[in-house]
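Novice: Pasting a structure here, questions to come.
The values are calculated or read from the model by the stated rules, or taken from the named source; none is laboratory data. This structure is a prediction, so every number in the text was calculated from the model and none was measured. Positions of Cβ are generated from backbone atoms using ideal geometry, with glycine treated the same way; all protein chains shown enter the neighbour counts. For accessibility, only protein heavy atoms count, side chains too; no ligands or nucleic acids. Shrake-Rupley method; radii C 1.70, N 1.55, O 1.52, S 1.80 Å.
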Amino acid sequence: MNNNSDLQEPEEELFEHYRFDVPKGQAFLRIDKYLMLMVPNATRNKIQNAASNGDIYVNDVPVKSNYKVKPLDVIRILLAHPPFENRVDPEDIPLDIVYEDDALLVINKPPNFVVHPGHGNYTGTLVNALAFHFENLPLNSSERPGLVHRIDKDTSGLLVVAKTEAAMTHLAKQFEDKTSEREYVALVWGNVKEEEGTVTGNIARHVRDRMQMAVFADPEIGKHAVTHYKVLERFGYVTLVSCKLETGRTHQIRVHMKHIGHTLFNDERYGGNLILKGTTFTKYKQFIDNCFKTLPRQALHAKTLGFIHPKTGEMMRFDTEIPKDMADCIEKWRNYSKSNASEEEE
């Protein structure tokens with residue numbers, strides 16, 4: 001009988017499916033409970049099976065499901081197969097290209113269009129469209145072809161895409177060095193008190209809800225983030241604002257505006273799909289419901305984009321119209337506030 005106990009199996013390559021950098025303020029919690037909060041659609045049974053299989057690592061050491069998560073732990077789920085989102089199948093999806101040359105292109109992204117594959121959205125994304133229309137796009141640091149930056153699925157507006165390695169490096173550095181120009185238009189709940197202002201606050205994953213980001217006072221938690229805002233038009237219960245990004249963090253405008261008490265209109269993830277300001281009259285509620293139907297997403301549009309061309313050194317600026325769903329919603333508010341004002345004058 002052969003004893004093969006000391007024969008070593010070849011080490012297989014493992015692929016990272018999830019990574020969580022536990023914030024400084026995290027309370028001690030069993031890892032199976034922690035991951036149920038953090039991983040979309042996870043069940044405790046699935047997580048416990050993953051732990052039993054040795055797939056859950058904390059600080060590069062496999063742990064069991066009763067491990068207690070501590071502040072600053074690095075949790076990773078490693079599996080033998082790559083995550084679906086790293087596989088990009090070319091798809092013939094039309095693109096609204098507002099500018100293109102041999103180094104880059106600028107796209108006007110419609111709402112409800114996911115930028116890159118991820119959990120629950122493995123097809124039908126901008127990256128799938130880019131793979132169909134362009135060959136050999138350079139990969140960014142996250143292995144995404146062409147993408148220099150991203151905007152949320154339900155946010156509309158301008159994106160720059162690199163077509164060469166040199167363009168990717170040059171453009172990515174501009175975004176990193178905060179020399180690119182990005183202005184968004186947002187409709188937010190409440191009457192913004194100041195005509196203009198600046199929100200500064202570190203942004204990191206919400207401690208309890210992985211789908212949200214949050215502002216942290218502790219300078220050691222999260223990433224430095226700065227948003228400059230300016231009032232464009234007031235409608236009483238809501239305000240139209242311009243937001244200029246000094247940094248580009250996940251959900252930055254959505255989180256910063258909520259942080260100062262002005263959640264984006266119809267931003268479901270951050271509670272903006274509720275009536276946050278205004279009366280309790282049925283007529284008003286019907287008006288809000290009509291606005292939500294007109295604009296079934298958060299009221300945010302990446303209106304302008306500016307950067308230095310990586311080949312010519314020329315400063316390029318692009319501007320795009322506010323899309324119809326958001327423009328129609330703004331017009332509803334404009335008419336509503338005018339009719340309210342005329343009623344008050346009578």
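Novice: When we measure straight from the Cα of residue 24, which lysines land under 23 angstrom away, once same-chain ones fewer than 8 places off are left out?
Specialist: Partners within reach: 33, 64, 68, 70, 223, 258.
Novice: Next up: Counting Lys and Arg as +1 and Asp and Glu as -1, each charge on the Cβ, what is the dipole of the range 191-313 about the Cα centre in debye, to the nearest 20?
Specialist: Details: 19 positive and 11 negative charges, 74 e Å.
My answer is approximately 360 debye.
Novice: Quantify, in whole percent, the carbon and sulfur part of the accessible surface of the chain (1.4 Å probe; protein heavy atoms only).
Specialist: Numbers: 9050 of 18630 Å².
Percent of accessible area from carbon and sulfur atoms in the chain: 49.
Novice: Let me ask something additional. How long are the three semi-axes of the equivalent ellipsoid for the range 188-327, computed from the Cα gyration tensor as the root of 5 times each eigenvalue, in whole Å, largest first? Working shown, then result.
Specialist: Details: eigenvalues 148, 89, 39 Å².
Working through the eigenvalues yields semi-axes of 27, 21, 14 Å.
Novice: Report the accessible area of residue 234, computed with a 1.4 Å probe over the heavy atoms of all protein chains in place, in Å² rounded to the nearest 10.
Specialist: 80
Novice: Another question about this same structure. Treating only the Cβ atoms of Lys and Arg (+1) and Asp and Glu (-1) as charged, compute the dipole magnitude of the chain about its Cα centre; round to the nearest 20 debye. Numbers along the way, then the final one.
Specialist: Details: 43 positive and 49 negative charges, 280 e Å.
In total the dipole reaches around 1340 debye.
Novice: Not counting ligands, DNA or RNA, and with a 1.4 Å probe, what is residue 294's accessible surface area in Å² rounded to the nearest 10?
Specialist: About 40 Å², ignoring ligands and nucleic acids.
Novice: What are the semi-axes of the equivalent ellipsoid of the chain, taken as the square roots of 5 times the eigenvalues of the Cα gyration tensor, listed largest first and rounded to whole Å?
Specialist: Values: eigenvalues 317, 150, 70 Å².
Equivalent-ellipsoid dimensions as semi-axes: 40, 27, 19 Å.
Novice: Same structure again: Relative to the compact globular guide of 2.2 N^0.38 Å, what is the alpha carbon radius of gyration of the range 10-159, as a ratio? The partial results should precede the final answer.
Specialist: Details: Rg = 18.6 Å, N = 150, 2.2 N^0.38 = 14.8 Å.
Dividing the Cα Rg of the range 10-159 by 2.2 N^0.38 Å gives 1.26.
Novice: Give me a comma-separated list of calculated 3J(HN,Hα) values for the range 71-79, in order, Karplus coefficients 6.51, -1.76, 1.60 applied at θ = phi - 60°, integers in Hz, x for any Gly or Pro.
Specialist: These are the phi-based 3J(HN,Hα) values: x, 6, 4, 10, 9, 9, 10, 10, 10 Hz.
Novice: Between the range 182-237 and the range 315-336, how far is it from one alpha carbon centroid to the other, in angstrom?
Specialist: So the two Cα centres are separated by 20 Å.
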